[in-house]
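What follows is a short report on a single structure.
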Amino acid sequence: MSDQPILTITGLCVEAVGRNGITPLLNDVAVSLQRGRMRGLMGETGSGKSMTAKSIVGLLPQGVRSTAGSITLEEQELIGLSESAWRSIRGASIGMVFQNPRTALYPMITVQKQMANVVWSHQKMGRRETFAAITASLEMTGITDPERVARSYPHELSGGMAQRVVIATALILKPRVLIADEPTTGLDATVQRQILDLLRHLQQNLDFSVLMITHDLGIVAHYCDDVTVMRNGQVVESGETKRVLVDPSHEYTRTLIDASRLSNLRE
């Protein structure tokens, strides 16, 4: 495994421009994602973690812009790319798993058609070969009847099954990086564990890298090799998960760890 990070963010600054002036959203953010590892990007709501993820894939909302910094995927600079260049990267080089599979999947077309559209937007592939790739990707995520699921509409699937479909879609083109933005939101505890176990299993066996966006310290502790802690649009701590949890250097990180311990005691 190379020591060179596959994804590197340095000095990233992002701001929103509105009627009331300019609002800083990210300030001098630095994050690195090593090959074949899972990094947790954690913090409370509004800390800037999802805005960082959106910056990585060029999906900043209207009125929001990056003003400084660099984001490189291997040696390719991502900031400043044209929309056509972004379309060639999203899905093929960087896969995305969003919070709510119900909004990530279009309700009016079948799973098969949605996954085929992802494939055909990047590769020339015949229908039979495409369907074989779709069923293989669905089966890879633990779906035992991939042909039936492929013919289904999203509303016909349970929340856990729909999220497996989203993961299968994100991985069908074998991206080098997967961004998982709160991927278990809205799922019950048992299904959450299954989805997280699945992501970790796939990451280790397929050797891609994962940036896990989460507010849950327990997820970071159990699944992530490394962690970056954000607060108010800034990185306050970063390092190997074991080191950060045992010997945090920032007061905010210590507060998060203490709050997590109290929560576990109440349970």
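The values are calculated or read from the model by the stated rules, or taken from the named source; none is laboratory data. Small disclaimer: the values here were computed from a predicted structure and weren't measured. FYI the Cβ positions are ideal-geometry reconstructions off the backbone, even for glycines, and counts take in every protein chain you see.
Some points to look at:
- Counting the residues of region 10-61 that are in a strand (DSSP E or B), within 15 Å of the chain's Cα centre (by Cα), surrounded by 20 or more Cβ atoms within 10 Å (Cβ to Cβ) and modelled with pLDDT of 95 or more gives 6.
- The set of residues in region 199-219 being crowded, with 19+ Cβ neighbours inside 10 Å and either modelled with pLDDT of 95 or more or closer than 18 Å to Ile6 by Cβ (or both) consists of Leu199, Leu202, Gln203, Phe208, Ser209, Val210, Leu211, Met212, Ile213.
- Selection from region 121-136 of residues that are buried (at least 16 other Cβ atoms within 10 Å of the Cβ) and either charged (D, E, K, R) or touching a residue at least 24 places away in the same chain (Cβ under 8 Å) (or both): His122, Ala133, Ile134
- Considering residues of region 229-258 that are of a type in the set (Asp, Glu) and under 21 Å from the mean Cα position of the chain (by Cα) only, the residue surrounded by the fewest Cβ atoms within 10 Å (Cβ to Cβ): Glu240
- Looking at region 85-162, the helices (runs of 4 or more DSSP H) lying wholly inside it that each contain 1 or more residues that are at pLDDT 95 or above and under 24 Å from Thr184 (Cβ atoms) sit at 111-120, 127-140, 146-151.
- Answer residue from region 163-188, given it is β-branched (Val, Ile, Thr) and part of a strand (DSSP E or B) and is nearest to Ser50 (Cα to Cα) among those: Ile179
- Enumeration of residues in region 158-191 that are free of Cβ contacts under 8 Å to residues at least 40 places away in the same chain, more than 15 Å from the chain's Cα centre (by Cα) and surrounded by 17 or more Cβ atoms within 10 Å (Cβ to Cβ): Gly160, Met161, Leu187, Val191
- Cβ pairs under 6 Å, 6+ apart, first in region 137-155 and under 20 Å from Tyr106 (Cα atoms), second of a type in the set (D, E, K, R) and crowded, with 21+ Cβ neighbours inside 10 Å: Thr141/Arg164; Ile143/Arg164
- Residue in region 62-75 that is surrounded by the fewest Cβ atoms within 10 Å (Cβ to Cβ), counting only those that are out of contact with any Cys (no Cβ under 9 Å at 6 or more places or on another chain) and in contact (Cβ under 8 Å) with a residue 12 or more places away in the chain: Gly63
- Yes/no for Pro101 being in contact (Cβ under 8 Å) with a residue 12 or more places away in the chain, surrounded by 15 or more Cβ atoms within 10 Å (Cβ to Cβ) and more than 26 Å from Arg35 (Cα to Cα): yes
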